[in-house]
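Please read the structure below before turning to the comments.
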Amino acid sequence: MTEPLIRFEIPSRADRLCLLRRVVRETIRLAGCDDALADDLVLAVNEACMNIMQHADTGTYQGPIEIEILARDGMLEFLLRDYARPVDVTSIRSRDLDDLRPGGLGVHIIGEIMDEVNFLPPPEGRGNLLRLRKHIVTGVQR
Amino acid sequence: MTEPLIRFEIPSRADRLCLLRRVVRETIRLAGCDDALADDLVLAVNEACMNIMQHADTGTYQGPIEIEILARDGMLEFLLRDYARPVDVTSIRSRDLDDLRPGGLGVHIIGEIMDEVNFLPPPEGRGNLLRLRKHIVTGVQR
Amino acid sequence: MKYDVAMENGYAVVRLQGEVDLHRSPEARKAILGCLQQGHHTLVDLSGVQYIDSSGVASLVEGLQLARDQQLQFGLVAVSEATLNVLKLARLDTVFAIQPDASGFPGPA
Amino acid sequence: MKYDVAMENGYAVVRLQGEVDLHRSPEARKAILGCLQQGHHTLVDLSGVQYIDSSGVASLVEGLQLARDQQLQFGLVAVSEATLNVLKLARLDTVFAIQPDASGFPGPA
Ligand SMILES: Nc1ncnc2c1ncn2[C@@H]1O[C@H](COP(=O)(O)OP(=O)(O)O)[C@@H](O)[C@H]1O
Ligand SMILES: Nc1ncnc2c1ncn2[C@@H]1O[C@H](COP(=O)(O)OP(=O)(O)O)[C@@H](O)[C@H]1O
């Protein structure tokens, strides 16, 4: 089993996204990401956390968000765990971008940046586990 | 209860200290530390983690090191948790610095930088919980 | 994030700086919509924006929509690379009027 | 961390760069002790050191001790602020011979 680069947790609060972004950035920079790729991955992870803050338990979720970052098989993997009610995966879809309206951009942005986006069965059957994966070309320091 | 700024965990491996330092630095910078204070606090937390890596279970500890950073009451608090055998607190002392020899500097450095250094009873009676505290003058953003 | 608002060449120019994220975009939104509600043609200067997320972009879209409703001009100025990257990902880079600086806009008719 | 070794003014100069921590200080230690074991008067250039922890400082102390044993000269050169801060915390700033650059040392007798 690959040891994660880091496991960390922030409360589900918008004022903690700033720190989340810095931790993600530092971690993936050490793992060999250049600035442009780091910008994109930070954005995608930020959007996924925003979605938990805004939509988990229909916006009332107050618990922690746990983030694990792994480097393996030429891939960076981000695991996002919450303890909210299981999401209805069919309800998560990007809107038609031609229909100009504010909102509805997060899922699309995540999909544009990441190579794989999947909800996995959460370890102890509670909450949600979102896995974001990105193949990277640079040598990743383990 | 004050919500921690962040909780994170790294494996007890020297090659992860680099990331530890970056996460601690970003967290306390956002909490209002200037560069000089951040340098010192990063050093102290690094030394405390080094001690776990080098001495916990007489140097064989392979488990995680959990770090929690809190800002409260004009203080930054760092909680370091491991799951090694309880340390004999009386064995932890700084050496006489006039006796020139390599090593034996970490505990002294931590004590110089921090205002309070205490081993607390660990939450579930396992492992060790080290608390480092530093009063800070700047306004801490919560 | 911080912002200021200045009148320039007949436009209200809202200059955003820093990180426009879920925590801070409500302020940006209020500033932008406020200018439009007061009847100003409005530009948003994004030169100092190091980070913007979808909530920040949503505020810009809201501005554009309100401007259209009120028949006011609305545009983006000095879009930072970070911002342009996100606008492109959202396929909005061609939806907004974008100029290097405020003088690139003709001035209200 | 990376390092290189050069001969300068009769000294072996070990130039350390980056972060000299528990993970990387064994390399620094080996480089420093290696020079001394080969009988060189040795200087350690620390201008490029952004971070040093107690294990890095311990390597410097080992160098000083070995130098004394072997009656070789040993000194620190261009000590970065980060390094000086740690040396002071360890009360070692007066123990080492420190000069702004290699020419500050008299050259081996
Ligand atoms: N973590 C989540 N929990 C529950 N629902 C979610 C979650 N993430 C996304 N969704 C659903 O997917 C929809 C699309 O999300 P998104 O593209 O980010 O746009 P927005 O958040 O602006 O609505 C959301 O409106 C929501 O219904
Ligand atoms: N986490 C720990 N677990 C067990 N023993 C420890 C721990 N931290 C420190 N010690 C003990 O305290 C001593 C002094 O530590 P320190 O000042 O850091 O110097 P050094 O690590 O170079 O010996 C160590 O040698 C060790 O015996």
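State all residues of region A:100-138 that are more than 20 Å from residue A:81 (Cα to Cα), in contact with a Leu (Cβ under 6 Å, 6 or more places away or on another chain) and not β-branched (Val, Ile, Thr); if no residue qualifies, say none.
A:112 - this is the single residue of region A:100-138 that is more than 20 Å from residue A:81 (Cα to Cα), in contact with a Leu (Cβ under 6 Å, 6 or more places away or on another chain) and not β-branched (Val, Ile, Thr).
Filter region B:115-138 down to the residues that are of a type in the set (A, V, I, L, M) and in contact with a strand residue (DSSP E or B) (Cβ under 8 Å, 6 or more places away or on another chain), then identify the one that is nearest to ligand 1 (Cβ to nearest atom).
The selected residue is B:129.
Residue-wise test of (1) in contact with a strand residue (DSSP E or B) (Cβ under 9 Å, 6 or more places away or on another chain); (2) under 27 Å from residue D:88 (Cβ atoms).
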{"position": "B:35", "(1), (2)": "no, yes"}
{"position": "B:40", "(1), (2)": "yes, yes"}
{"position": "B:46", "(1), (2)": "yes, yes"}
{"position": "B:52", "(1), (2)": "yes, yes"}
{"position": "B:58", "(1), (2)": "no, no"}
{"position": "B:67", "(1), (2)": "yes, yes"}
{"position": "B:70", "(1), (2)": "yes, no"}
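Restricting to region C:24-49, name every residue that is surrounded by fewer than 19 Cβ atoms within 10 Å (Cβ to Cβ) and either touching an Asp or Glu at 6+ places or on another chain (Cβ under 7 Å) or over 20 Å from residue C:71 (Cα atoms) (or both).
Across region C:24-49, the qualifying residues are C:26, C:27, C:33, C:47, C:48.
Could you please give the count of residues in region B:61-111 that are more than 11 Å from ligand 2 (Cβ to nearest atom), within 21 Å of residue B:11 (Cβ to Cβ) and part of a loop (DSSP other than H, G, I, E, B)?
3
Give just the number: which of (1) outside any helix (DSSP H, G or I); (2) within 13 Å of ligand 2 (Cβ to nearest atom); (3) more than 12 Å from the chain's Cα centre (by Cα) does residue B:57 not satisfy?
Here residue B:57 meets the rest and fails (1).
It is to be established whether one or more residues within region B:128-137 are within 14 Å of chain D (Cβ to nearest Cβ), more than 9 Å from ligand 2 (Cβ to nearest atom) and in a loop (DSSP other than H, G, I, E, B).
Taking every residue of region B:128-137 in turn, none turns out to be within 14 Å of chain D (Cβ to nearest Cβ), more than 9 Å from ligand 2 (Cβ to nearest atom) and in a loop (DSSP other than H, G, I, E, B).
Residue A:133 - would you say it is at pLDDT below 95, within 18 Å of the chain's Cα centre (by Cα) and either among the aromatic types (Phe, Trp, Tyr) or under 18 Å from residue A:37 (Cα atoms) (or both)?
For residue A:133, the condition - at pLDDT below 95, within 18 Å of the chain's Cα centre (by Cα) and either among the aromatic types (Phe, Trp, Tyr) or under 18 Å from residue A:37 (Cα atoms) (or both) - is not met.
Quick one: would you say residue C:94 is within 14 Å of chain A (Cβ to nearest Cβ) and under 19 Å from residue A:102 (Cα atoms)?
yes
Would you check which residues across region B:2-36 are in a helix (DSSP H, G or I), touching a residue at least 24 places away in the same chain (Cβ under 8 Å) and in contact with a His (Cβ under 9 Å, 6 or more places away or on another chain) and list them?
B:14, B:17 - these are the residues of region B:2-36 that are in a helix (DSSP H, G or I), touching a residue at least 24 places away in the same chain (Cβ under 8 Å) and in contact with a His (Cβ under 9 Å, 6 or more places away or on another chain).
Mind checking whether some residue in region A:12-21 is more than 10 Å from every other protein chain (Cβ to nearest Cβ) and either within 16 Å of ligand 2 (Cβ to nearest atom) or under 21 Å from residue A:109 (Cα atoms) (or both)?
yes
Say we look at region A:63-105 and pick out the residues that are touching a residue at least 12 places away in the same chain (Cβ under 8 Å) and among the small types (Gly, Ala, Ser); which of these is farthest from ligand 1 (Cβ to nearest atom)?
Per the criteria, the residue is A:74.
In this structure, does residue A:112 turn out to be more than 9 Å from ligand 1 (Cβ to nearest atom), surrounded by fewer than 17 Cβ atoms within 10 Å (Cβ to Cβ) and within 12 Å of another protein chain (Cβ to nearest Cβ)?
Yes.
Based on this model, can you work out whether residue B:74 counts as in contact with a helix residue (DSSP H, G or I) (Cβ under 6 Å, 6 or more places away or on another chain) and either among the basic types (Lys, Arg) or at positive phi (or both)?
The answer is no for residue B:74.
Given A:101, A:93, which one is away from chain C (no Cβ under 14 Å) and either loosely packed, with under 12 Cβ neighbours inside 10 Å or farther than 19 Å from residue A:5 by Cα (or both)?
It is A:93.
Go through (1) modelled with pLDDT under 95; (2) closer than 28 Å to residue B:13 by Cβ; (3) not charged (D, E, K, R) for residue D:16 and report which single condition fails.
With respect to (1) modelled with pLDDT under 95; (2) closer than 28 Å to residue B:13 by Cβ; (3) not charged (D, E, K, R), residue D:16 is out only on (1).
Look through C:73, C:37, C:50 and report the one residue that is touching a residue at least 12 places away in the same chain (Cβ under 8 Å) and under 13 Å from the mean Cα position of the chain (by Cα).
After applying the criteria, what remains is C:73.
Pull up region B:32-42, narrow it to residues that are facing another protein chain (nearest Cβ under 9 Å) and touching a Leu at 6+ places or on another chain (Cβ under 9 Å), then point me to the one that is surrounded by the most Cβ atoms within 10 Å (Cβ to Cβ).
The qualifying residue surrounded by the most Cβ atoms within 10 Å (Cβ to Cβ) is B:42.
The values are calculated or read from the model by the stated rules, or taken from the named source; none is laboratory data. If you're wondering where the values come from, they're calculated on a predicted model, not measured in any experiment. Positions of Cβ are backbone-derived with ideal geometry, glycine not excepted, and every protein chain shown enters the neighbour counts.
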